[in-house]
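What follows is calculated from the coordinates using simple rules that are stated; it is not laboratory data. Computed from a prediction, not measured in an experiment: that's the story for all the values here. Backbone-built Cβ (ideal geometry, glycine too); neighbour counts: all protein chains shown.
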Amino acid sequence: MARPLIANNDLPKILDLQDGPAPGKECTYCNKCLINDLENPLGCYELSRYEGANFDEKYANMITSVMSVFYPATSELIQSNGAAPPVPSEAAPQEAGSGAESN
Ligand code: SF4
């Protein structure tokens, strides 16, 4: 399930609307995502899956798709709803025995 989700990072929305990715947009299982994962953002790096008349257009669309998981940025979300980000201790109360107690 991981690579199809990498190939279509909006997969939950796609599956909500139809039976799966459009023909030609499925994961090819080429494993380029795994190779790139060492130094690049997690995403689909198979150029054949992207629209474009030439390499440069396909590459630009690929990079746009890979970087799309970073937008909107958390700071933009905070500005849009005016809420401050949750403080970790407020977001996830510690349970007894978590090691945070003092003697
Ligand atoms: S890089 Fe290849 S294996 Fe990885 S998600 Fe894209 S098509 Fe699938």
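Quick look at the numbers
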| quantity | calculated |
| --- | --- |
| Enumeration of residues in the stretch 16-59 that are more than 16 Å from the chain's Cα centre (by Cα) and among the aliphatic types (A, V, I, L, M) | 17, 22, 35, 47, 53 |
| Subset of the stretch 1-19 that is hydrophobic (A, V, I, L, M, F, W, C) and closer than 20 Å to residue 71 by Cβ - its residue that is farthest from the ligand (Cβ to nearest atom) | 14 |
| Close pairs (8 angstrom Cβ cut-off, 6 or more residues apart or separate chains): surrounded by 10 or more Cβ atoms within 10 Å (Cβ to Cβ) in the stretch 69-80, among the polar types (S, T, N, Q) anywhere | 69/9; 72/80 |
| Check on residue 31, free of Cβ contacts under 8 Å to residues at least 40 places away in the same chain, over 27 Å from residue 72 (Cβ atoms), of a type in the set (S, T, N, Q) and within 9 Å of the ligand (Cβ to nearest atom) | yes |
| Verdict on residue 50 being farther than 16 Å from residue 65 by Cα, in contact with a helix residue (DSSP H, G or I) (Cβ under 8 Å, 6 or more places away or on another chain) and within 11 Å of the ligand (Cβ to nearest atom) | no |
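Rundown of residues vs (1) of a type in the set (Phe, Trp, Tyr); (2) within 8 Å of the ligand (Cβ to nearest atom); (3) in contact (Cβ under 8 Å) with a residue 12 or more places away in the chain, yes/no style:
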site	(1), (2), (3)
21	no, no, yes
25	no, no, yes
38	no, no, no
46	no, yes, yes
54	no, no, no
57	no, no, no
62	no, no, yes
